[in-house]
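K.L.:
For reference, the structure I am asking about is given below.
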Amino acid sequence: MSKLQLNTFTLGIVAVIILGIIIGLEYIFPHGSGGTLLLTLTFWIALVQGTVAVAAAGDATNSKWIGPLKKELLAFHPLILFMAFLFLFLGLKMDVFPWFENQNRWLNTPFFLTRNFVLLVISYFLARFYAKATLRNSPNKGNLAVLYLFFFVFSESLVAFDWVMSLEYPWVSTLFGGIFFMESFYAGLAIAALIAAYYVKNGIEDQTVMTKVLRDTATFTFGFSLAWAGLFYSQFLVIWYGNLPEETSYLVRRMHYSPYDILFYLSIFLLFIAPFVGLISKRAKVIPNWVRMIALVVLAGVFIERILFILPDASMNVFSAILETVLMGFLLLLFFVNRERVMGYAGTERSDR
Amino acid sequence: MNEQFVFGEKHEFLQKLKDLVKGGISPKKINVFTPYPVHEVEEILKVPTSPLRFFTLLGALSGLFFGAWFTAWTSLDWPLIGGGKPIVSVPAFVIVTFELTILFGGVISFLGFLILSKLPSPKRIGTPVEHGNQFVIEIQSEGK
């Protein structure tokens, strides 16, 4: 992995090149390109905002387990800005939204692009200030963490309402935003568990501390599988019980029609049943290979659920979807490997170890 | 007479406890008194896992079956169709079943705790000596 060590400038160039390739892919594979772009945007924004949110939540609550993972989790924060610019490109693909022909006061192209872009940029800068403050251990890191979390919830809810829910316009569900930022946090925890498992397996850092961190992150992942099931069920039950035609259409299309029904049950299995059963035992939480597998299962679950949200309303292109996912995964790996450079604090001691 | 070590700091206490166990003293002979729960002690003394979890499992499973049976039975006993839903409408009953699983699991765990620690018996509540905020290790002497 040391071959991937780059300096900050090269890293920026690589990010811009990947941004260019993703935009190029949308033109090489024009069929269903809007849906593919939405999938890439909604999945990776959840990951990069979620990891920073996990670190911020750890700081806001003065928890110790976040200490050894802080730099690793915060390394992804520049990608929020990357996602913001990638989002601007969605402006050329607005025809995926059913309200594009018939715009109203909330859902119109300029306001849609402005409010989401501005929120993403604000959350990037807050993440940046927070990351600086917490690595210097400055006294106002708690305040910045809370401020970041506020904007994280705000922008992630708007991602849910604007980018995804408006595909089903005029269908509405007030819980949609909650599900999205909860899932984003869940994905962030899965990444934290992945990193902890990687450290334990390769014997990096203090093993007794890292084993504890692995157990804590695995416990959190287990807990959030229940939280996800709770939120999902509360959305499902209300729609099922109300049985109103304008509300049920969303669920019926996804539950009873092939191939979406497979994705529907698969996402329940991957996001609730597999992590719940897999991490319930005390011993399973400290086996790095097992935790890594469950964390990957959770990430796959979030990805499949994003497909389930978008695919019935906007067609996707398989090739560009796979290529974009691989490219984004590579970019995240690059930022993880270069975390010391990204943070610009190489050589400084971490205080809260 | 039992041998006693008294500490004011947690880490000194844990260090001494580790040294004692390494020094060959059987963990069964060591008694510790701490002002608050210290989980490292369980790891050092290798306390066997308590059978309490089987009470929890039993309670949770009985709650699950009771909840599922009770909701279905009450609806079938006086069948009223509400909102066009089937008589035994599972999605609505899941919540009652879930809550009863937790309730029974919790209550039976508590009862199991009372049984396993032979409570409520006045003799077992509290220690004869008050140690305040000190960490104490007591080693039982050979004679006892």
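For (1) out of contact with any Phe, Trp or Tyr (no Cβ under 8 Å at 6 or more places or on another chain); (2) more than 14 Å from every other protein chain (Cβ to nearest Cβ); (3) surrounded by 12 or more Cβ atoms within 10 Å (Cβ to Cβ); (4) in a loop (DSSP other than H, G, I, E, B), each residue gets a yes or a no:
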residue	(1), (2), (3), (4)
B:37	yes, yes, no, yes
B:88	yes, yes, yes, yes
B:93	yes, no, yes, no
B:98	yes, no, yes, no
B:101	yes, no, yes, no
B:106	yes, yes, yes, no
B:118	yes, yes, no, yes
B:133	yes, yes, no, yes
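K.L.:
Could you figure out which of (1) under 27 Å from the mean Cα position of the chain (by Cα); (2) more than 14 Å from chain A (Cβ to nearest Cβ) isn't true of residue B:49?
P.N.:
(2)
K.L.:
Quick check on this structure: which one of B:112, B:59, B:24 is away from every other protein chain (no Cβ under 14 Å), over 23 Å from residue A:234 (Cβ atoms), small (Gly, Ala, Ser) and part of a loop (DSSP other than H, G, I, E, B)? Walk me through how you get there before you give the answer.
P.N.:
Numbers: B:112 fails: part of a loop (DSSP other than H, G, I, E, B); B:59 fails: part of a loop (DSSP other than H, G, I, E, B).
Unique residue meeting the criteria: B:24.
K.L.:
Among the listed residues A:159, A:153, identify the single one that is buried (at least 22 other Cβ atoms within 10 Å of the Cβ) and under 17 Å from the mean Cα position of the chain (by Cα). Walk me through it before giving the result.
P.N.:
Working: A:153 fails: buried (at least 22 other Cβ atoms within 10 Å of the Cβ).
Exactly one residue qualifies, and that residue is A:159.
K.L.:
Of the residues A:261, A:216, which single one is under 23 Å from the mean Cα position of the chain (by Cα) and acidic (Asp, Glu)?
P.N.:
Details: A:261 fails: under 23 Å from the mean Cα position of the chain (by Cα).
So the residue among A:261, A:216 that is under 23 Å from the mean Cα position of the chain (by Cα) and acidic (Asp, Glu) is A:216.
K.L.:
Checking residue A:51 against (1) buried (at least 18 other Cβ atoms within 10 Å of the Cβ); (2) of a type in the set (Ser, Thr, Tyr); (3) more than 20 Å from residue A:12 (Cβ to Cβ): exactly one of these is not met. Which one?
P.N.:
Looking at each condition in turn, residue A:51 falls short on (3).
K.L.:
From the list A:189, A:194, A:149, A:167, which residue is more than 26 Å from residue A:226 (Cβ to Cβ) and among the hydrophobic types (A, V, I, L, M, F, W, C)?
P.N.:
On the way: A:189 fails: more than 26 Å from residue A:226 (Cβ to Cβ); A:194 fails: more than 26 Å from residue A:226 (Cβ to Cβ); A:149 fails: more than 26 Å from residue A:226 (Cβ to Cβ).
A:167 is the lone residue from the list that is more than 26 Å from residue A:226 (Cβ to Cβ) and among the hydrophobic types (A, V, I, L, M, F, W, C).
K.L.:
What do you reckon, is residue B:48 within 30 Å of residue A:235 (Cβ to Cβ) and modelled with pLDDT under 95? Can you show your working first?
P.N.:
Details: within 30 Å of residue A:235 (Cβ to Cβ): no; modelled with pLDDT under 95: yes.
When the stated conditions are applied, residue B:48 does not pass them.
K.L.:
Go through (1) hydroxyl-bearing (Ser, Thr, Tyr); (2) in contact with a helix residue (DSSP H, G or I) (Cβ under 9 Å, 6 or more places away or on another chain); (3) at pLDDT below 90 for residue A:265 and report which single condition fails.
P.N.:
Just one mismatch for residue A:265, condition (3).
K.L.:
Could I ask something else about it? Residue B:81 is checked against (1) within 12 Å of chain A (Cβ to nearest Cβ); (2) farther than 17 Å from residue A:236 by Cβ and fails just one. What number does that condition carry?
P.N.:
Single failed check for residue B:81: (1).
Listed here are the residues, each with its yes/no results for (1) loosely packed, with under 15 Cβ neighbours inside 10 Å; (2) at pLDDT 95 or above; (3) more than 20 Å from residue B:92 (Cα to Cα); (4) touching a strand residue (DSSP E or B) at 6+ places or on another chain (Cβ under 6 Å).
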position	(1), (2), (3), (4)
A:200	no, no, yes, no
A:206	yes, no, yes, no
A:213	no, no, yes, no
A:221	no, no, yes, no
A:238	yes, no, no, no
A:249	yes, no, no, no
A:272	no, no, no, no
A:278	no, no, yes, no
A:292	no, no, yes, no
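The values are calculated or read from the model by the stated rules, or taken from the named source; none is laboratory data. Nothing here was measured: the structure is a model prediction, and the numbers come from that model. When we count neighbours, we look across all protein chains shown, and the Cβ atoms used for this are built from the backbone with ideal geometry, even at glycine.
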